[in-house]
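A quick write-up on the structure given underneath.
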Amino acid sequence: MANQIPYVDYLVLGDDPHLVANECTGCGARFFDRRNACGGCSGTEFKKADVATQGTVKTFTIVSFAPPGVDVPFVSAIVDCDGTSVRTNIVNVEASPEHVKLGMPVKLTTFVAATDEKGTEAVSFGFEPAA
Amino acid sequence: MGSEDVYILGINMTKFGKHPDLDTVDLASEATLAALKDAGVTMKDMGIIAAGNLMGGAAPIAQIIQKQCGQTGIPAYNVSNACATGATALRVACMSVKAGESDFGLAVGVEKLAGAGLLGTGGGRKKGDEFERSGRFGAVGSVDGRIGTENMPGTFAQVGMEYAHRYGGANFELFAQISEKNHMHSTLNPLAAYTKAMTLEQIMGDIMIAYPNTRPMCSANCDGAAAAVVVSGSKLKTLSQEQQRRAIRIAASVLTSDPYEEACQVLPNVNTLTRNAAKQAYEQAGVGPEDLNLVELHDCFATAELVHYDNLMLCEEGGAVDFFKSGAPFRDGSKPVNVSGGLQSKGHPIAATGIANIWEVCHHLRGEAGPRQIEGAKVGLAHVIGLASACGIHILESNSA
Ligand SMILES: [Zn+2]
């Protein structure tokens with residue numbers, strides 16, 4: 001099996017793929033990117049916090065026109081995962097307003113997004129309709 | 001608090017649209033010289049210049065404008081605040097006058113964007129290379145389009161859809177109707193980039209950019225500049241009757257940024273900082289939304305206009321859809337919004353927008369707006385927002401009795 005790495009630092013692969021946030025130990029604010037200090041309370045201590053893998057679509061758009069290098073159409077959304085907002089694509093669904101609904105329950109899934117010259121696979125995540 | 005009242009003494013916007021023969025410097029100079037002329041003063045009177053240009057590569061724009069229009073050695077501030085750049089330049093000039101450091105200040109914004117494509121990030125990893133992590137997400141490639149969208153139409157589509165989800169009632173057709181209103185308004189504005197009315201069918205049937213925003217529901221990239229001359233209240237008293245009559249009082253000048261909120265870094269929250277700015281502005285001016293005769297708000301996308309009805313408190317919380325359906329924001333309605341045509345039709349030369357909005361309001365308050373005049377307008381509000389974010393709100397009042 002090819003060597004696999006997560007597409008972004010905050011995706012954890014393995015048997016139970018999930019997102020992990022940098023959680024401020026002072027105020028509980030969660031960030032997916034690297035932080036020097038907390039925007040909420042200016043605290044500098046963070047711990048890793050697992051983010052729920054199920055959520056609901058809080059808002060979405062279907063992007064049909066994008067700069068070169070971005071495949072369209074795709075569904076971009078913000079998913080509310082138990083109080084943590086996650087930016088994601090909605091995948092495994094037709095990119096049309098008939099198939100994507102506000103408030104729709106979704107769950108995290110992973111897929112190979114790119115492969116480099118050494119054959120290493122970068123695995124990214126999306127959310128798909130939850131059955 | 002400062003002690004000086006601040007007034008707009010002169011203001012100008014160039015024609016928005018395509019200016020193939022004018023570069024960034026030409027456009028900025030045209031607006032600057034015209035604003036000085038409108039004010040009846042010269043560069044020699046100015047105590048400060050603040051200017052912005054985001055995409056033109058004309059830097060430092062404030063000094064470049066001085067070299068074209070008059071180098072007097074005054075402090076020059078080059079400002080950058082995304083789509084709020086023009087409002088930020090004006091705010092800087094206002095602060096200097098309000099603080100008593102200058103009698104007169106000049107603010108300029110300019111952009112050349114005609115023919116520019118979609119604004120946003122994009123592109124990806126060079127094919128074949130070995131993966132390498134970069135950026136603060138530690139990503140091995142571009143995240144735009146793979147993990148949500150970073151482009152403006154998509155971002156603001158989500159802003160509108162979030163409102164739709166929270167309060168209901170908003171859908172593709174309603175957003176398109178907002179755009180139809182603004183395109184209709186622009187038919188009366190000779191300085192707008194687009195001056196043709198569009199039917200609802202045309203708008204909904206046009207190219208989809210990011211659902212529910214089709215092309216005419218997105219702000220129009222174009223060339224343009226705008227400039228304003230501000231003056232202190234005490235200096236204004238020494239000027240001519242005519243200058244005093246045409247001066248527009250800046251009853252409120254406010255700039256806000258995002259307070260921390262959950263999710264505001266995942267999807268920009270354009271609501272809270274706008275609402276905060278509006279509250280501050282109404283308090284500063286001692287007026288309420290009910291006192292406004294017209295509003296120019298930042299309709300960078302049709303989906304954005306809807307949420308700002310609510311953020312500016314033109315309606316009750318959650319009531320933006322009903323507010324629109326009541327006909328209030330139409331030019332013959334009770335609270336005309338974007339009678340200039342808005343960014344969707346007048347155009348959006350980014351750094352110029354935050355002053356051009358104020359020009360539009362001043363034009364009505366001076367009773368000089370011709371066929372599109374909102375009769376008897378005494379008080380108006382201009383709002384802009386730049387992502388990441390900065391929100392500028394100015395409340396303007398007529399100075400003639
Ligand atoms: Zn914190």
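Relative protection proxy for B:353-366, A:86-99, from highest mean packing down: B:353-366, A:86-99 (other beta-carbon atoms within 10 angstrom).
In order along region A:52-64, the Karplus-derived 3J(HN,Hα) couplings, from 6.51 cos²θ - 1.76 cosθ + 1.60 at θ = phi - 60°, round to 3, 8, 10, x, 10, 6, 8, 7, 8, 9, 10, 7, 10 Hz, and Gly and Pro are given as x. Using the Cβ-Cβ distance between B:LYS18 and B:ALA59 with R0 set to 25 Å, the FRET efficiency from 1/(1 + (r/R0)^6) comes to roughly 0.65.
Report the calculated FRET efficiency for A:SER96 and B:SER334 (r = Cβ-Cβ distance, R0 = 35 Å), to the nearest 0.05. E(calc), rounded to 0.05, equals 0.40.
Rounded to the nearest whole Hz, the Karplus-based 3J(HN,Hα) values (6.51 cos²θ - 1.76 cosθ + 1.60, θ = phi - 60°) of region B:268-283 follow the sequence x, 9, 7, 7, 5, 6, 6, 4, 4, 5, 5, 4, 4, 5, 4, 5, with x at glycine and proline. Going 7 Å from the Cα of B:ALA99 toward and past its Cβ, which residues in region B:1-35 have a backbone nitrogen under 20 Å from where you end up? Of the residues in region B:1-35, B:1-8 have backbone N under 20 Å from the label point off B:ALA99.
Considering all projection directions equally, how large on average is the shadow of the alpha-carbon convex hull of the protein assembly as shown, in square nanometres?
Numbers: hull surface 100.8 nm².
Answer in nm², one decimal: 25.2.
Distance from the alpha carbon centroid of region B:276-341 to that of region B:194-218 works out to 22 angstrom. The mean number of Cβ atoms from other chains found within 10 Å of a Cβ in peptide A:36-46 is 1, as a whole number.
Given the alpha-carbon gyration tensor of region A:4-129, what are the semi-axes of its equivalent ellipsoid in whole angstrom, ordered largest first, with each equal to the square root of 5 times an eigenvalue? Before the final figure, lay out each step's value.
Numbers: eigenvalues 131, 78, 39 Å².
The answer is 26, 20, 14 Å, longest axis first.
Phi-derived couplings, Karplus 6.51 cos²θ - 1.76 cosθ + 1.60 at θ = phi - 60°, listed residue by residue for region B:230-238: 10, 9, 6, x, 6, 5, 4, 4, 8 Hz, with x used for Gly and Pro. Counting only DSSP beta bridges whose two residues both lie in chain B, roughly 75 percent are antiparallel.
A 20 angstrom limit on the alpha carbon distance is what I want to check against. Which of B:LYS18/B:LYS181; B:LYS18/B:LYS67; B:LYS98/B:LYS237; B:LYS15/B:LYS112 exceed it? Working shown, then result.
Details: B:LYS18/B:LYS181 23 Å; B:LYS18/B:LYS67 24 Å; B:LYS98/B:LYS237 15 Å; B:LYS15/B:LYS112 12 Å.
Over 20 Å Cα-Cα: B:LYS18/B:LYS181; B:LYS18/B:LYS67.
Among DSSP beta bridges lying fully in the protein assembly as shown, give the percent that are antiparallel, nearest 5.
85
Here's how it looks for B:MET198: its modeled amide H is under 5 Å from those of B:MET184, which are all 5 or more places away or on a different chain. Peptide B:163-171 shows a mean partner chain C-beta count of 2 within 10 Å per residue C-beta.
How shielded is B:52-62 by partner chains, expressed as the average number of their Cβ atoms within 10 Å of its Cβ atoms?
Working: counts 0, 0, 0, 0, 0, 0, 0, 0, 0, 0, 0.
Partner-chain Cβ atoms within 10 Å, mean over residues of B:52-62: 0.
Values quoted throughout were computed directly from the atomic coordinates according to the rules given, and no laboratory measurement underlies them. Treat the numbers as computed from the prediction; the structure is a model and nothing was measured. So basically every Cβ, Gly included, is an ideal-geometry build from the backbone, and we count neighbours across all protein chains shown.
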